[in-house]
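To keep things clear, I will list the structure first and then write my remarks on it.
The values are calculated or read from the model by the stated rules, or taken from the named source; none is laboratory data. Note that the coordinates shown come from a computational prediction; the quantities given were computed from them, not determined experimentally. Neighbour counts are summed over all protein chains in view; Cβ atoms, including those assigned to glycine, are modelled from backbone coordinates with ideal geometry.
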């Protein structure tokens, strides 16, 4: 099977020839382990998932600085991230919309909608991996935090002033246009991203999430589905309470921190209904565990979430302090399935 067919079969529960692989790396992993060590890991365990990369000079012109370098990075929305550690992502400390009067100054990054469709489709024709739209671009909750500031936004969510919905709706409409633009290319899937969980629970009440945000994700899924695309989503944290909702609206694969949750419960309720796109615990096991502990973690995922017909992608992230030998152990354990 090609990687593309393998991932499609996994998501569709149609018996892939093996468990698909995916590897995410932060630049800090190369700084700590060495570029060649990370490259060698990729050669030993080739991944099945990627994204087409086509330059967009007009979009790049709206940005300044470097996303992963110490200093400041300004993104296409005008949000400025302060980075204090090389190789990881910084935080917005000075939000653009401090007061609601600033809402009228919000500029949407329309340059991101001007995709070079021919070039993207050429990438899709020449790459046999399962290709997803630009990762991390379609987010709504985190974009509201970047623009408003996290502290301000949580107060807004408690009070729900009318301006909160104006901000949400402006971002949402842009996201719909962005999803539509990508859905008209030959990528296999649309990627969604928002970090919704703390270590122990959802960051807001499930009822408020369903009322304010679920309809937005449902619309992204509808657009993708209308163009024959799969939908994959990432969220950090404990998001057990919204798994059922994500399945209902049509998310095909979810990348979440399954080791923040009860893996056995995830398996009982959702195995066979959605694809678990990783992961192995990147907070404790990959940086501080042993290869034996990592193999035991993979065994837990296999026991509770894996089905022979599909439903699990062997994904992990090399971040700060992650050990190459632990990533090797994880992929080797999956290869034995």
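How many of the residues making up segment 314-330 are over 25 Å from residue 68 (Cβ atoms) and either in contact (Cβ under 8 Å) with a residue 60 or more places away in the chain or not in a helix (DSSP H, G or I) (or both)?
Total satisfying the criteria: 1.
Every residue in segment 281-292 that is in a helix (DSSP H, G or I) and surrounded by 15 or more Cβ atoms within 10 Å (Cβ to Cβ), please. Walk me through it before giving the result.
At the first step, the residues of segment 281-292 found to be in a helix (DSSP H, G or I) are 285-288, 291-292.
285, 286, 287, 291, listed by residue number.
Scan segment 210-232 and give yes if some residue there is more than 27 Å from residue 106 (Cβ to Cβ), touching a residue at least 60 places away in the same chain (Cβ under 8 Å) and within 16 Å of the chain's Cα centre (by Cα), otherwise no.
There is at least one residue in segment 210-232 that is more than 27 Å from residue 106 (Cβ to Cβ), touching a residue at least 60 places away in the same chain (Cβ under 8 Å) and within 16 Å of the chain's Cα centre (by Cα).
Test residue 119 against the criterion of being in contact (Cβ under 8 Å) with a residue 12 or more places away in the chain, in a helix (DSSP H, G or I), surrounded by fewer than 14 Cβ atoms within 10 Å (Cβ to Cβ) and out of contact with any strand residue (DSSP E or B) (no Cβ under 8 Å at 6 or more places or on another chain), and give yes or no. Outline the logic, then answer.
On the way: in contact (Cβ under 8 Å) with a residue 12 or more places away in the chain: yes; in a helix (DSSP H, G or I): yes; surrounded by fewer than 14 Cβ atoms within 10 Å (Cβ to Cβ): no; out of contact with any strand residue (DSSP E or B) (no Cβ under 8 Å at 6 or more places or on another chain): yes.
Spelling it out, it is not the case that residue 119 is in contact (Cβ under 8 Å) with a residue 12 or more places away in the chain, in a helix (DSSP H, G or I), surrounded by fewer than 14 Cβ atoms within 10 Å (Cβ to Cβ) and out of contact with any strand residue (DSSP E or B) (no Cβ under 8 Å at 6 or more places or on another chain).
Go through (1) farther than 18 Å from residue 76 by Cβ; (2) out of contact with any helix residue (DSSP H, G or I) (no Cβ under 8 Å at 6 or more places or on another chain); (3) in contact (Cβ under 8 Å) with a residue 12 or more places away in the chain; (4) surrounded by 14 or more Cβ atoms within 10 Å (Cβ to Cβ) and name the single condition residue 125 misses.
So the condition that residue 125 fails would be (4).
Among the helices (runs of 4 or more DSSP H) contained in segment 1-91, which hold 1 or more residues that are exposed (fewer than 13 other Cβ atoms within 10 Å of the Cβ)? Even if it seems obvious, please write down each step before you answer.
On the way: elements: 3-11, 27-33, 35-44, 57-60.
Counting at least 1 such residues, we get 35-44, 57-60.
Going through 157, 167, 131, 147 one at a time, which residue ends up being in contact (Cβ under 8 Å) with a residue 24 or more places away in the chain, under 22 Å from residue 235 (Cβ atoms) and in a strand (DSSP E or B)?
Values: 157 fails: in a strand (DSSP E or B); 167 fails: in a strand (DSSP E or B); 147 fails: in a strand (DSSP E or B).
None of the other options fit; the residue is 131.
Based on what the data block shows, is residue 278 touching a residue at least 60 places away in the same chain (Cβ under 8 Å), touching a strand residue (DSSP E or B) at 6+ places or on another chain (Cβ under 9 Å), surrounded by fewer than 17 Cβ atoms within 10 Å (Cβ to Cβ) and under 26 Å from residue 333 (Cβ atoms)?
Considered against the rule, which asks whether it is touching a residue at least 60 places away in the same chain (Cβ under 8 Å), touching a strand residue (DSSP E or B) at 6+ places or on another chain (Cβ under 9 Å), surrounded by fewer than 17 Cβ atoms within 10 Å (Cβ to Cβ) and under 26 Å from residue 333 (Cβ atoms), residue 278 comes out as no.
Do we have any residue at all in segment 101-113 that's in contact with a strand residue (DSSP E or B) (Cβ under 8 Å, 6 or more places away or on another chain), at pLDDT 95 or above and either surrounded by fewer than 16 Cβ atoms within 10 Å (Cβ to Cβ) or under 30 Å from residue 11 (Cα atoms) (or both)?
Within segment 101-113, the first condition is being in contact with a strand residue (DSSP E or B) (Cβ under 8 Å, 6 or more places away or on another chain), and the residues that meet it are none.
No, segment 101-113 contains no residue that is in contact with a strand residue (DSSP E or B) (Cβ under 8 Å, 6 or more places away or on another chain), at pLDDT 95 or above and either surrounded by fewer than 16 Cβ atoms within 10 Å (Cβ to Cβ) or under 30 Å from residue 11 (Cα atoms) (or both).
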